[in-house]
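The values are calculated or read from the model by the stated rules, or taken from the named source; none is laboratory data. Note that the structure is predicted; figures quoted are calculated from it, not measured. Using ideal geometry, Cβ is built from the backbone for each residue, glycine included, and neighbour counts are taken over all protein chains shown. Ligands, DNA and RNA are stripped out before the accessible areas are found, and what is left, the full protein with its side chains, is counted by its heavy atoms. Shrake-Rupley method; radii C 1.70, N 1.55, O 1.52, S 1.80 Å.
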Amino acid sequence: MRGALANPSSGISPAANTRLETAMDRAQKAESIETLKGVFADAGAVVVTHNLGLTVADMEDLRGRLRKEGGTFKVVKNRLALKALEAEEGSDYHPLFKGPVGIAYASDAVTAAKVTAEYAKANDKFVVQGGFMGDKVLDAKGVEVLSKLPSLDQIRASLLGLINAPATKIAGVVQAPAGQLARVFNAYATKDAA
């Protein structure tokens, strides 16, 4: 009788234990799919990578670089990612999700592409497969082009500079006549004193 029970103290049979594990797996899978749906909806762009042969230290380095820029890297199961994307068999997403896959993403469409492209140049075991922005699927070259665009922070800084430049010029123009008048008055005062 003892061999018929998976855990004698729990009183659960092996068949019931298997059904319990399967139910937990399904719940975990459903939760993972919902999490990925949220990631895909909120990300500006998602970069799909192959990371076969990276060490734990390499992965932590990549995650740290992305975190510093406001991004995230996560290893995903291909089948769950495709379910989260609701990608039908043969869709443009399928070639991206083959082999050991990780995704990099950020709210800014450029950040994940920049960091992963730089990391891939320095590490031959890390390959950018492609990515997607909304329902637009990108190949590796598309991600490379995206990585060369200015980030949202760089665009904001440029705009701020453009907005501040005219104000600075206006202040200089307004101050110039007053300075010229002061010099003219000073010249007359110096001339009269002499």
Which residues, taken from region 96-113, are open to solvent by 50 Å² or more (accessible area, probe 1.4 Å) and closer than 23 Å to Pro150 by Cα? Ser107
Against the condition small (Gly, Ala, Ser), surrounded by 14 or more Cβ atoms within 10 Å (Cβ to Cβ) and in contact with a Phe, Trp or Tyr (Cβ under 6 Å, 6 or more places away or on another chain), how does Ala120 come out, does it pass? yes
Within region 40-57, can one find any residue that is more than 24 Å from Ala120 (Cα to Cα) and either of a type in the set (Lys, Arg) or at pLDDT below 80 (or both)? no
Selected residue (only one of Ala87, Ala23, Ala109, Ala27 is over 18 Å from the mean Cα position of the chain (by Cα), of a type outside the set (Ser, Thr, Tyr), at pLDDT below 85 and under 21 Å from Leu138 (Cβ atoms)): Ala87
Determine whether region 124-144 contains at least one residue that is out of contact with any strand residue (DSSP E or B) (no Cβ under 8 Å at 6 or more places or on another chain), touching a residue at least 12 places away in the same chain (Cβ under 8 Å), surrounded by 14 or more Cβ atoms within 10 Å (Cβ to Cβ) and more than 11 Å from Val48 (Cβ to Cβ). no
Scope region 23-76; condition touching a Leu at 6+ places or on another chain (Cβ under 9 Å), among the basic types (Lys, Arg), in a helix (DSSP H, G or I) and open to solvent by less than 90 Å² (accessible area, probe 1.4 Å); matching residues: Lys37
Asp92 passes all but one of the listed conditions (1) under 27 Å from Asp25 (Cα atoms); (2) in a loop (DSSP other than H, G, I, E, B); (3) in contact with a strand residue (DSSP E or B) (Cβ under 6 Å, 6 or more places away or on another chain); the exception is number (1)
Cβ contacts < 9 Å: first residue on the phi > 0 side of the Ramachandran plot, restricted to region 91-112; second residue modelled with pLDDT of 85 or more, any location; separation 6+ or different chain. Result? Gly99/His50; Gly99/Asn78; Gly99/Gln129
